[in-house]
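Undergrad: Below you'll find the structure I mean.
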Amino acid sequence: MQTIEKPSRWVYLVPIIHLSACAISFIGYLIPSLQFFGIVWVFIVLVDLPVSAIFYALAWKYSLIASLWVVVVGTLWWYLLSRGAEILVNKFKTPNSPG
């Protein structure tokens, strides 16, 4: 019988970093003296490339929806990647049981 384990706290680290980077880049767009932080957005969109392909399609006409897509779905994407990595690590850590 398999038991369902709670995810470790480390699973939330990468999505929180993604969400924080998005917030920092938007602060760069909103506050003129911190405008240099806006360049972070370029790197976020590049790192989120499977998710941000839709961003590139939407950004020409619907920039707000496209940006929200990257923030919300990109954060969810990194959470799912972290969960998958945790599952793989747990799979390799636990010895195979017979049967």
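Undergrad: How many residues are within 19 Å of the chain's Cα centre (by Cα) and exposed (fewer than 15 other Cβ atoms within 10 Å of the Cβ) if we restrict to segment 84-99?
TA: Within segment 84-99, residues that are within 19 Å of the chain's Cα centre (by Cα) and exposed (fewer than 15 other Cβ atoms within 10 Å of the Cβ) number 4.
Undergrad: Which members of segment 13-25 meet the condition of being exposed (fewer than 14 other Cβ atoms within 10 Å of the Cβ) and of a type in the set (Ser, Thr, Tyr)?
TA: Of everything in segment 13-25, just one residue is exposed (fewer than 14 other Cβ atoms within 10 Å of the Cβ) and of a type in the set (Ser, Thr, Tyr), namely Ser20.
Undergrad: Taking segment 17-37, which residues are under 16 Å from Val47 (Cβ atoms) and either under 12 Å from the mean Cα position of the chain (by Cα) or not in a helix (DSSP H, G or I) (or both)?
TA: Answer for segment 17-37, where residues must be under 16 Å from Val47 (Cβ atoms) and either under 12 Å from the mean Cα position of the chain (by Cα) or not in a helix (DSSP H, G or I) (or both): Ile17, His18, Leu19, Ser20, Ala21, Cys22.
Undergrad: Look at segment 43-99 and say how many of its residues are in contact with a helix residue (DSSP H, G or I) (Cβ under 8 Å, 6 or more places away or on another chain), of a type in the set (S, T, N, Q) and farther than 18 Å from Tyr29 by Cα.
TA: The number of residues fulfilling the criteria is 3.
Undergrad: Can you say whether Val14 is in contact with a Ser or Thr (Cβ under 6 Å, 6 or more places away or on another chain), in a helix (DSSP H, G or I) and either in contact (Cβ under 8 Å) with a residue 12 or more places away in the chain or of a type in the set (Ser, Thr, Tyr) (or both), as far as the supplied structure shows?
TA: yes
Undergrad: Okay, moving on. Take the residues of segment 26-55 that are surrounded by 12 or more Cβ atoms within 10 Å (Cβ to Cβ) and not hydrophobic (A, V, I, L, M, F, W, C): which is farthest from Ile16 (Cα to Cα)?
TA: Across segment 26-55, the extreme among qualifying residues is Gln35.
Laboratory data are not the source of any read-out in this text; all were calculated from the coordinates shown. The shown structure was predicted, so the numbers you read here are calculated from the model rather than taken from an experiment. Using ideal geometry, Cβ is built from the backbone for each residue, glycine included, and neighbour counts are taken over all protein chains shown.
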